[in-house]
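Novice: Below are the structure tokens for one structure; questions will follow.
Just so you know, all these numbers are worked out from the coordinates, no wet-lab data involved. Computed from a predicted model, the values in this text were never measured in an experiment. Cβ placement follows ideal geometry from the backbone for every residue including glycine, while neighbour counts extend to all protein chains displayed.
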Amino acid sequence: MIPTKTQVLIVGGGPCGLMLANELGRRGVAAVLVDQKPTTAFSPQANATQARSMEHYRRLGFAHEIRALGLPDDYPTDIAYFTRYAGHELTRFSLPSSAEATRLIRTMGGSWSAAELPHRVSQKFVEQVLRRHAAALPGISVNFGWRLTAFADTGAGIEATIANVASGEERRLTAHYLFGADGPRSLVRRQLGYEYVGEQMVKNIVHPVRVYRVRMAAEAQSQIPIDQPEQRLRFREVIFTPPLVRCREFVLFGVERSFLIESAVLFNF
């Protein structure tokens with residue numbers, strides 16, 4: 001049950017909103033968090049957590065849970081540069097695996113002053129941990145599948161209307177404070193009149209797009225020169241956006257031929 005009164009209404013259940021819920025709950029401050037997504041992030045986003053964030057997770061008592069996620073604990077997290085995917089290696093930055101990072105941090109000194117090393121893990125896994133710990137705190141109500149539709153400043157606080165994304169059911173609640181962590185298209189930001197420099201570009205980038213995964217016809221694959229195996233791999237599946245999907249033939253990667261599309265599947269994000 002979503003409380004009708006709370007101290008803080010948090011709009012947005014990404015890392016920022018979830019981290020705030022964790023901080024407030026540990027200090028005895030009641031909060032309601034709403035996010036229109038059905039759950040935490042499900043698509044790939046940030047793929048690394050830096051040392052300072054890991055220090056905060058350590059302070060909150062779950063850095064070890066974050067470090068247990070992502071790649072296997074013995075898998076190196078090196079960053080390497082190649083001439084092409086299967087070509088010559090130009091240079092490599094050697095980075096420790098998560099198991100090595102846990103051992104190394106105990107002996108490191110000098111210029112490294114953090115209590116944790118960075119960790120390679122997708123944001124979608126980190127959000128699950130943040131949500132679980134936030135929801136377990138007294139006074140914290142975490143509600144995915146609910147979105148903010150309106151709010152007003154009453155002088156003594158705010159009155160807000162939230163709606164269930166699936167059913168359309170509306171609830172009204174009051175809070176002392178409203179915290180907007182709802183991303184670049186923030187309703188909170190827009191209603192408060194805060195301008196976002198480069199608004200048009202942001203709309204172009206973050207507006208939902210249709211992405212198609214296309215499988216080339218077998219005849220097309222056979223036409224790719226045998227001495228260019230990397231080109232063969234590229235042509236098996238290609239992701240692109242409209243209006244190219246309307247074309248029956250097209251040229252890619254500098255190969256002077258046109259190829260037929262065998263199938264196209266729409267991915268909605």
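Novice: Using bins 10 angstrom wide from zero, how does P(r) for region 59-121 break down, in % of all Cα pairs?
Specialist: Percent of pairs per bin, in order: 19, 42, 28, 10, 1.
Novice: Looking at Gln128, Thr4, Gln45, which one has the Cα that reaches farthest to the positive end of the dipole of region 1-133 (charges on Cβ: Lys, Arg +1; Asp, Glu -1)?
Specialist: Thr4
Novice: So, counting K/R as plus one and D/E as minus one, what does the shell of residues with Cβ under 12 Å around Ile79 add up to?
Specialist: Local charge sum for Ile79: 0.
Novice: List, in order, the whole-Hz ³J(HN,Hα) value for each residue of region 78-83 obtained from phi through the Karplus relation with A = 6.51, B = -1.76, C = 1.60 and θ = phi - 60°; use x for Gly and Pro.
Specialist: Going residue by residue, I get 4, 10, 10, 10, 10, 5 Hz, with x marking Gly and Pro.
Novice: May I pose another question? How large is ³J(HN,Hα) for each residue in region 51-62, as worked out from phi by the Karplus curve 6.51 cos²θ - 1.76 cosθ + 1.60 (θ = phi - 60°), to whole Hz, x for Gly and Pro?
Specialist: Taking θ as phi minus 60°, the curve returns 4, 5, 5, 4, 5, 5, 5, 5, 4, 7, x, 9 Hz for region 51-62.
Novice: Rounded to the nearest 0.05, what FRET efficiency do Gln191 and Thr39 have when you use their Cβ-Cβ distance and R0 = 22 Å?
Specialist: With a Förster radius of 22 Å, E is 0.30.
Novice: Looking only at region 81-121, which residues have a backbone nitrogen under 18 Å from a spot 7 Å from the Cα of Ala46 in the C-beta direction?
Specialist: 114-121
Novice: Give me the net charge for the shell around Glu116: Cβ to Cβ below 12 angstrom, other residues only, Lys and Arg +1, Asp and Glu -1.
Specialist: +4
Novice: Give the shape of region 18-145 as rounded, prolate or oblate, defined through the alpha-carbon gyration tensor: a ≥ b ≥ c are the square roots of its eigenvalues, a/c under 1.5 means rounded, and otherwise the shape is prolate if a/b is larger than b/c and oblate if not.
Specialist: oblate
Novice: Could you tell me which residue out of Thr102, Gly61, Leu71 lies farthest along the dipole of region 59-121 toward its positive end? Charges go on the beta carbon: Lys and Arg +1, Asp and Glu -1, centred on the Cα centre.
Specialist: Gly61
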